[in-house]
1. For segment 73-104, give me the residue count where each residue is more than 17 Å from residue 53 (Cα to Cα) and either modelled with pLDDT of 90 or more or of a type in the set (Gly, Ala, Ser) (or both).
2. Tell me whether segment 10-17 contains one or more residues that are at pLDDT 95 or above, open to solvent by 60 Å² or more (accessible area, probe 1.4 Å) and part of a strand (DSSP E or B).
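The values are calculated or read from the model by the stated rules, or taken from the named source; none is laboratory data. Predicted model only: the values in this text are computed from it and were never measured. The protein model used for the area step is the full one, side chains on, heavy atoms only, and it has no ligands, DNA or RNA in it. Shrake-Rupley method; radii C 1.70, N 1.55, O 1.52, S 1.80 Å.
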Amino acid sequence: MPAKRNFIPYRNDLKLKARELRANMTEPERKLWFQFLRNFPHPVLRQKPIADYIVDFYCARLKMAIEIDGDSHFEGEAMTYDAKRTHALELLGVRVLRFTNREVMEEFETVCERILQEAK
C-alpha cells in the first residue's frame, strides 16, 4: 500500500498570479530569498498557491509558510483578512511565520534565526 501524501490543495487559477508575484518580489522578499531562503537546508518555494491563498514562501517538508507583511497589512480589513488566512492555513496543518518589512530589512539576522529555530 503506497504511503499517504499530505496533499495541500490549491486553486489552479492562482498559478498565473503567483508567477507574476515571483517576477515582482518586494525588496524585503528579495533580501530574504537571495540572502537566506534560496540556500535554506530544506527546499523553499516562492509565491506558492495554497488553498485560496498565495503565501510568500513555503517549505513543504516543514509545512511552514513565511509571510512578509508591508504597512498595508496593519490597517483594518487587512488585519482581519490576514487572521482569517492564517487560520485557514493552520487548519491545513501549515505553520505560518509572519515578519514585517522592517524586521527583514533592519533585523535580518534575528529573522533568519527565528526561521531556523522554527525549522527544528
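1. Initially, segment 73-104 is screened for residues more than 17 Å from residue 53 (Cα to Cα), giving 74-76, 99-104.
Okay, now just the ones that are also either modelled with pLDDT of 90 or more or of a type in the set (Gly, Ala, Ser) (or both), so 76, 99-104.
Counting residues in segment 73-104 that are more than 17 Å from residue 53 (Cα to Cα) and either modelled with pLDDT of 90 or more or of a type in the set (Gly, Ala, Ser) (or both) gives 7.
2. So in segment 10-17, the residues at pLDDT 95 or above come out as none.
Looking through segment 10-17, none of the residues is at pLDDT 95 or above, open to solvent by 60 Å² or more (accessible area, probe 1.4 Å) and part of a strand (DSSP E or B).
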